[in-house]
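Report on one structure; see the data block that follows.
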Amino acid sequence: MSDVWAGRLLRNPRGSHRAAFLELFFDLVFVFALTQVAQGLITEVTAAEPERDVLRGAAETLFFFLVLWLIWMLAAWVTSLYDPEQTLVQVLVIVVMFGTLVLAITMPDASGHRAVVFAGAYVTIQLGRPLALTLALRDHPRRKVTTRITIWSAVAALPWLVGAVVSQPVRLVLWAGALGIEYVGFAAGWPIPWLGASRVNQWVISGEHLVERYQQVFLIALGEAVLVIGLTASTRQLTPGEVASFTTAFAVTVLLWRIYFHRAGRMLPEAIRDARSPARLGESATYTHLVTVAAVMTTAVGFELVIAHPTDRSELPLVVIMLGGPALFLLARSWAEYEVFARLPVPHLVGTLVLTAMIPIASVLPQLAVLVTAAVVLVLIALTDTLRTRGRPAEQPSSPL
């Protein structure tokens, strides 16, 4: 009887693959959390004078982004495996939602006076979720997986909690090590000698649900870019340079949307449905979208800096942000095309190389000109995508994964 009850927690393979309303509600917290991450990088770039401080600030921003991504990504996998209409799963989603809100609130001072609250909230999320599922699954075979995840999370909890009570820079070293443990656990299938291991690419999941969640988090990142554009422009006097900057920034955001969803991005649900191993493609898409969302967030940070000072000469950190963000996006989008169609798109790879090659020489340009450079490259790629598929029937996915 307990097996039957525990089995009800799992998704019905014949049920709906659409994201539940609770999951969309859950995403609202991440809008705020990503705003905190973006504002943290903006503060570091504008306030830090020595270049090493900029690099340190960028590393801290990347760390906080990876923290949020791990929480969101595991939540997406959980609701792709377990039924989000079940009460326990809903409670877990809401608890994770509240914990993430606490993380976002404490993030600006997480390496200072709020370290204990930040680490405590994170450990509660990462340890509490698999522990609750382990208790609920009782004698179900799936319990071995959640038990292994619980053990790995408990091991990682130690440096998280110790790091919260020690001083800098030891704190960030311990926290980075703890986060590394969790990412290694995810990649390796949380191996435990007496319990074995099972990588997520071996799980039986709702693949269409999972990739829909990835499409949604990409749209959240684009929404963050629009939010940055709007909030920054609303505080300016809207000189001709500022108007040109926020118009170009909006155009870049639209181009990122267009390039992502052209064929490969739109066909991702069909690709995972027809894939030989949906979970394997889902695992690959996890890393692809990590890079994609990070690239969009980086580009959004550049928007605020350019709109605020469009005619200023570009410093190297801004050039890296403004050209590196789109370059990273195109690189991730190239891999997404391979995931769906088993090929790498030459225009996207060329665009990545052009943007990267421009970084050393673009510091002589005004900030607006750097943004326009990124926009021109993206326009050319979007046009190339349109021309090479015009008049041709829709291509069917042929994922190699």
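Structure above, values below:
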item: Ordering of 158-170, 29-41 by burial proxy (mean other Cβ atoms within 10 Å per residue, highest first); result: 29-41, 158-170
item: Mean ellipticity per residue at 222 nm, deg cm²/dmol - from DSSP H runs of n ≥ 4 across the chain, formula -39500 (n - 2.57); result: -26000 deg cm²/dmol
item: Where the Cα pairs of the chain fall when distances are cut into 20 Å bins, in %; result: 26, 56, 17, 0
item: Sorted by Cβ neighbour density within 10 Å, fewest at the top, the residues TYR287, TYR82; result: TYR287, TYR82
item: Label zone at ARG56, where the point sits 7 Å out along the Cα-to-Cβ direction: the stretch 168-185 residues whose backbone N lies under 12 Å; result: 168-170, 172
item: Volume per residue of the C-alpha convex hull in the stretch 108-154, rounded to whole Å³; result: 62 Å³
item: Mean Cβ neighbour count within 10 Å, used as a protection proxy, ranking 109-121, 330-342 highest first; result: 330-342, 109-121
item: When the convex hull of its Cα atoms is projected in every direction, mean area for the stretch 73-126 (nm²); result: 3.7 nm²
item: Part-to-part distance (alpha-carbon centres) for the stretch 333-374 and the stretch 179-234, which is given in Å; result: 24 Å
item: From the C-alpha gyration tensor of the stretch 2-202, square roots of 5λ in Å; result: 32, 19, 14
item: Order of SER363, SER245, SER398, SER153 - criterion: other Cβ atoms within 10 Å of each residue's Cβ, fewest first; result: SER398, SER363, SER153, SER245
item: Environment charge at PRO84 (Cβ cut-off 15 Å; Lys +1, Arg +1, Asp -1, Glu -1); result: -1
item: Cα centre as origin, Lys/Arg/Asp/Glu Cβ charges: the chain dipole, Debye; result: 1100 debye
item: About the Cα centre, charge dipole magnitude for the stretch 2-202 (Lys/Arg +1, Asp/Glu -1 at Cβ), debye; result: 800 debye
item: For the stretch 207-389, with +1 on Lys and Arg beta carbons and -1 on Asp and Glu, the positive-most of THR292, GLY223, LEU281 along the dipole; result: LEU281
item: Protection-proxy order for peptides 87-100, 259-272, each taking the mean of Cβ atoms within 10 Å per residue, highest first; result: 259-272, 87-100
item: The stretch 195-289 - convex hull of the alpha-carbon atoms, volume per residue in Å³; result: 102 Å³
item: Between 0 and 90°, nearest 10: helix 316-341 axis offset from the chain longest Cα axis; result: 50 degrees
item: Radius, Kirkwood style, for the stretch 277-401 when every pair of distinct Cα atoms is counted (Å); result: 15.5 Å
item: Charge-dipole axis of the stretch 2-202 as Lys and Arg at +1 and Asp and Glu at -1 on Cβ define it, positive-most pick from PHE32, ILE42, LEU70; result: LEU70
item: Convex hull of Cα atoms in the stretch 208-347, direction-averaged projection (nm²); result: 8.4 nm²
item: Cubic angstrom per residue, convex hull over Cα atoms of the stretch 103-236; result: 146 Å³
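Rule-based calculations on the coordinates, nothing more; no lab input. Keep in mind it's a predicted model, so treat the numbers as computed, not measured. Counting neighbours? That spans all protein chains shown, and the Cβs are built from the backbone with ideal geometry, glycine included.
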